[in-house]
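Asker: Structure below; questions to follow.
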Amino acid sequence: MNLDFLHALDDIEREKGISKEILLEAIETALYSAYKKDYGTKENVRVEIKGETGEVGVYSRKVVVDEVKNEKTEISLEDARKINKNYQLNDIVEEEITPANFGRIATQTAKQVVMQRIREAERDVIYEEYKEKEGELITGTVQRFHNNNVFIDLGRTEALLPPSEQMPGEIYEMGNRIKLYVVEVSNESKGPRILVSRTHPGLLKRLFEIEVPEIFDGIVEIKSVAREAGSRSKIAVSSINEQVDPVGACVGPKGMRVQAVVDQLNGEKIDIIEWDDDPAVLVANALNPAEVIKVIIHEEDKVAEVIVHDFQLSLAIGKEGQNARLAAKLTGWKVDIKNESSLEEDSIVEEEDEVNGVEDKNEAEGKAEEDNKPDD
């Protein structure tokens, strides 16, 4: 190595932010391994790169002892003092043993180490950049496909969209630009692994933040999201300003805002309901578009018993139970939906049980009186 190489390390430090001292330490460590491997020595050696000239030196290191048992790692006090009369027992004696052709090995090794460290540094930068974007929205381009996985080009790196995070029925074509939710970023040996999703409820939330200024400004808050990706979603919103209708703000003029989100999700239906701290009101709102007659809250079982008109029962439950299922996810309550008829039938049964209970009681009391009459 020479001064030009050291100057190159200075440039790398400025451009890539990798410390020159750290690079030199890494090169010295690699050269130590290369020397031990290529020369098959068991000596205790040290490799040094002189920072002023770039010259590489290999030095054997031996301990000063009274009696030498291993010539590769030990030196007698007598021989040590032939080198320098000031040596004492247990001192370390160093002697340069740099091989004649070691400069070529050093240059090749140094280049490999520097390139490896540059790659590692770039991976670290990318990792830190995207680690901060966990839970955020990003835009990428569909790049390639492998084993049903879709790889998304993000510019300096790529993200993974696995089958479990792909929207049912959504078609991904090379070159298409799509918005994605960053689920997780992990640092692996081959570089950062960026897991993204098109099904995560967070994607819906972030899309509304983009389209609705009141959400971005903090006036309207998304309190809860329930989503069955590609089919239907529900969001519950509230406003800190009484003058601002949270549902209207999310719908937008002529439905433009919610429609923009629907378009990003390929036609996924979205119900927007107003949040309420009263669980009975919240559950009733969550079952929109069905009209609810009454909600009975059973706190101990975390169950909301919902009564609807007979003709509203199928609407409240939804196709394959989807509306009720989403309402339960949105509110955090188990939703038990009943129609008026079943409620009336239950009431009749309860009344009959009460009547039968009274009759049985009267009969029992009459029998007891009969049994207690004195014999003539």
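Asker: Does the range 22-30 contain at least one residue that is farther than 30 Å from R123 by Cα and without any contact (Cβ under 8 Å) to a residue 40 or more places away in the chain?
Answerer: So far as the range 22-30 goes, no, none of its residues is farther than 30 Å from R123 by Cα and without any contact (Cβ under 8 Å) to a residue 40 or more places away in the chain.
Asker: Would you call A106 modelled with pLDDT under 80, of a type in the set (A, V, I, L, M, F, W, C) and either farther than 16 Å from T29 by Cβ or not assigned by TED's automatic domain parsing to the domain that holds L31 (or both)?
Answerer: Here the answer is no, as A106 does not meet what is asked.
Asker: Taking the options V244, V281, V295, V225, name whichever one is among the aliphatic types (A, V, I, L, M) and under 27 Å from the mean Cα position of the chain (by Cα).
Answerer: Step by step, each of V244, V281, V295, V225 is checked, and only V225 is among the aliphatic types (A, V, I, L, M) and under 27 Å from the mean Cα position of the chain (by Cα).
Asker: Would the range 186-203 turn up any residue that is acidic (D, E) and either touching a residue at least 12 places away in the same chain (Cβ under 8 Å) or assigned by TED's automatic domain parsing to the domain that holds A30 (or both)?
Answerer: No: the range 186-203 contains no residue that is acidic (D, E) and either touching a residue at least 12 places away in the same chain (Cβ under 8 Å) or assigned by TED's automatic domain parsing to the domain that holds A30 (or both).
Asker: Restricting attention to the range 51-62, and to residues there that are within 30 Å of L89 (Cβ to Cβ) and without any contact (Cβ under 8 Å) to a residue 40 or more places away in the chain, which single residue is surrounded by the fewest Cβ atoms within 10 Å (Cβ to Cβ)?
Answerer: Filtering the range 51-62 for residues that are within 30 Å of L89 (Cβ to Cβ) and without any contact (Cβ under 8 Å) to a residue 40 or more places away in the chain, the one surrounded by the fewest Cβ atoms within 10 Å (Cβ to Cβ) comes out as R61.
Asker: Next question. Among the residues of the range 12-25, is there at least one that is of a type in the set (V, I, T), modelled with pLDDT under 85, under 38 Å from the mean Cα position of the chain (by Cα) and not in a helix (DSSP H, G or I)?
Answerer: yes
Asker: With the condition kept exactly as written, say whether any residue in the range 183-198 is among the hydrophobic types (A, V, I, L, M, F, W, C), in contact with a helix residue (DSSP H, G or I) (Cβ under 6 Å, 6 or more places away or on another chain) and exposed (fewer than 15 other Cβ atoms within 10 Å of the Cβ).
Answerer: For the range 183-198, residues among the hydrophobic types (A, V, I, L, M, F, W, C), in contact with a helix residue (DSSP H, G or I) (Cβ under 6 Å, 6 or more places away or on another chain) and exposed (fewer than 15 other Cβ atoms within 10 Å of the Cβ): absent.
Asker: Taking E13 as the residue in question, decide whether it is farther than 25 Å from A80 by Cα, assigned by TED's automatic domain parsing to the domain that holds R104 and exposed (fewer than 13 other Cβ atoms within 10 Å of the Cβ).
Answerer: no
Asker: Restricting attention to the range 246-292, which residues are over 27 Å from H309 (Cβ atoms) and among the acidic types (D, E)?
Answerer: D263, E268
Asker: Right, next: So V183 clears everything in (1) within 20 Å of V142 (Cα to Cα); (2) in contact with a Lys or Arg (Cβ under 8 Å, 6 or more places away or on another chain); (3) among the hydrophobic types (A, V, I, L, M, F, W, C) except one condition, right? Which one?
Answerer: (2)
Asker: Does V220 satisfy the criteria of being out of contact with any strand residue (DSSP E or B) (no Cβ under 6 Å at 6 or more places or on another chain) and at pLDDT 95 or above?
Answerer: Spelling it out, it is not the case that V220 is out of contact with any strand residue (DSSP E or B) (no Cβ under 6 Å at 6 or more places or on another chain) and at pLDDT 95 or above.
Asker: Return the total of residues in the range 225-257 being farther than 16 Å from L326 by Cβ and among the aliphatic types (A, V, I, L, M).
Answerer: Final tally of qualifying residues: 6.
Asker: Something else now. Can you tell me which residue in the range 208-228 is surrounded by the most Cβ atoms within 10 Å (Cβ to Cβ), limited to those that are of a type in the set (A, V, I, L, M) and in contact with an Asp or Glu (Cβ under 7 Å, 6 or more places away or on another chain)?
Answerer: Selected residue: V220.
Asker: Right, here's the next one. Given the criteria closer than 30 Å to D124 by Cβ, free of Cβ contacts under 8 Å to residues at least 12 places away in the same chain and in contact with a Leu (Cβ under 9 Å, 6 or more places away or on another chain), does E13 qualify?
Answerer: Judged against the criteria, E13 is a match.
Asker: Moving to a separate point now. Of the residues that make up the range 146-155, is at least one part of a strand (DSSP E or B), farther than 18 Å from I272 by Cβ, over 21 Å from the mean Cα position of the chain (by Cα) and not basic (K, R)?
Answerer: yes
Asker: A further question on this structure: For the range 81-115, enumerate the residues that are of a type in the set (S, T, N, Q) and touching a residue at least 12 places away in the same chain (Cβ under 8 Å).
Answerer: Selection gives Q88, N90, T98, T107, T109, Q112.
Asker: Is it the case that the range 181-196 has a residue that's closer than 24 Å to V251 by Cβ and touching a Ser or Thr at 6+ places or on another chain (Cβ under 9 Å)?
Answerer: For the range 181-196, residues closer than 24 Å to V251 by Cβ and touching a Ser or Thr at 6+ places or on another chain (Cβ under 9 Å): present.
Asker: Here's something else I'd like to know. From the set of residues in the range 50-80 that are polar (S, T, N, Q) and assigned to a loop (DSSP other than H, G, I, E, B), which is farthest from the chain's Cα centre (by Cα)?
Answerer: Looking at the filtered set, the residue picked out is N70.
Asker: Here's a follow-up. Among the listed residues E170, E122, E136, which satisfies the condition of being acidic (D, E), exposed (fewer than 14 other Cβ atoms within 10 Å of the Cβ) and within 24 Å of the chain's Cα centre (by Cα)?
Answerer: From the options E170, E122, E136, the qualifying one is E136.
Asker: I'd like the residue in the range 81-111 that is hydrophobic (A, V, I, L, M, F, W, C) and part of a helix (DSSP H, G or I) and, out of all such residues, is surrounded by the fewest Cβ atoms within 10 Å (Cβ to Cβ).
Answerer: The residue in question is I83.
The values are calculated or read from the model by the stated rules, or taken from the named source; none is laboratory data. Keep in mind that this is a model prediction, so the values were computed, not measured. Neighbour counts run over all protein chains shown; Cβ positions are idealised from the backbone, glycine included.
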